[in-house]
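Down below is the structure, laid out as structure tokens.
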Amino acid sequence: MANQGWVPKKANIQVMNALREAGLDIEIIRHDAEARTAEQAAALIGCDLAQIAKSLVFSAGDGLVMTLVSGANRVDTAKLAALLDQPISMANAEAVKAATGYAIGGVAPVGHPSPLPIYMDEDLLRYETIYPAAGTPNTAFAIGSRDLQRISGAIIADVKEQLYPLSQLKERAIISPPPAGGEGQGEGNQTMQTKLDKERAKLAKDRRKEQEKRLKQGPKVYDAAKHLKVHQSGGRAGAKELGMFAPLGLVRILAALIADLKRYGTWPYVILGYVGLHEYQRVQEHNARLKRREEWEKATKK
């Protein structure tokens, strides 16, 4: 989940800007793999399934509404229809993209082009920290449940249909009881839970290894002497060590310039060559002064 070298996409930037405008300094969590389900997202993040905040968009009459539902629940469409007093249905991909600015699979609850009515599952408030998507299927962000309610303007409502018993959620389990007369489905859920547990354990182990590696390496120390040497050599610390081979580098530069002049015949290369030659001479003179100074210091110490 390291973000080093990661370039955010437009949707991720949309989320980050919305969070900053709300006064929150929150870092986007990026996964190497995409999470298309709440179970996959929980396994990648290493949190409870119920801490995943799913953003689902429904068509309600002539408009759209969003629901923020715990990963352990799903939307009870009958409850939502009764709450809105109008029939509802799942919004299509085009409507979701137009209303939120995000594609299905990575819909975030913030940063929408225009305000959208949002109803929040009351079960999300059971957790201090929850994890909504951050614009793409492989990103999320950690936020306080009350903070998310505040910045999104969500209305707390009972719109859930519980998929897993609360007693099992408290035990950090996501296994649903087997249906009557069908033990096979219960065994399938048990297998899925075992796989998720293994993935979570692997992620935790990787995080511990990374922390131990950083502790062994220790903090990065600023080498002032090395920095001063590079600065004094005009940013060309290796020029001094080149010695007699330095002119060969100049010959190669001049040869390349002449070839470009023959090919393009443009005057900027003449100026570039002059500037390069002047800079080379300046570095050589500077290095010569440094060498004379070192020799003088050695002589005075003797």
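Tabulated data
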quantity	calculated
Matching residues, the stretch 100-123, being buried (at least 20 other Cβ atoms within 10 Å of the Cβ) and hydroxyl-bearing (Ser, Thr, Tyr)	100, 102, 119
Hits in the stretch 124-136 - residues which are touching a residue at least 40 places away in the same chain (Cβ under 8 Å) and surrounded by fewer than 20 Cβ atoms within 10 Å (Cβ to Cβ)	126, 127, 129
Count of the stretch 20-46 residues which are among the hydroxyl-bearing types (Ser, Thr, Tyr) and either closer than 15 Å to residue 130 by Cβ or within 14 Å of the chain's Cα centre (by Cα) (or both)	0
Every residue from the stretch 111-134 that is of a type in the set (Lys, Arg) and either over 15 Å from residue 156 (Cα atoms) or assigned to a loop (DSSP other than H, G, I, E, B) (or both)	none
Flag if residue 142 is at pLDDT 90 or above, touching a Ser or Thr at 6+ places or on another chain (Cβ under 7 Å) and surrounded by fewer than 21 Cβ atoms within 10 Å (Cβ to Cβ)	yes
Selection status of residue 94, at pLDDT below 90 and either under 21 Å from residue 146 (Cα atoms) or surrounded by fewer than 21 Cβ atoms within 10 Å (Cβ to Cβ) (or both)	no
Within the stretch 42-91, considering residues that are surrounded by fewer than 17 Cβ atoms within 10 Å (Cβ to Cβ) and acidic (Asp, Glu), the one farthest from residue 136 (Cα to Cα)	85
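The values are calculated or read from the model by the stated rules, or taken from the named source; none is laboratory data. Just so it is clear, the model here is predicted, and its values are computed rather than measured. Note that we place each Cβ from the backbone using ideal geometry, even for glycine, and neighbour counts take in every protein chain shown.
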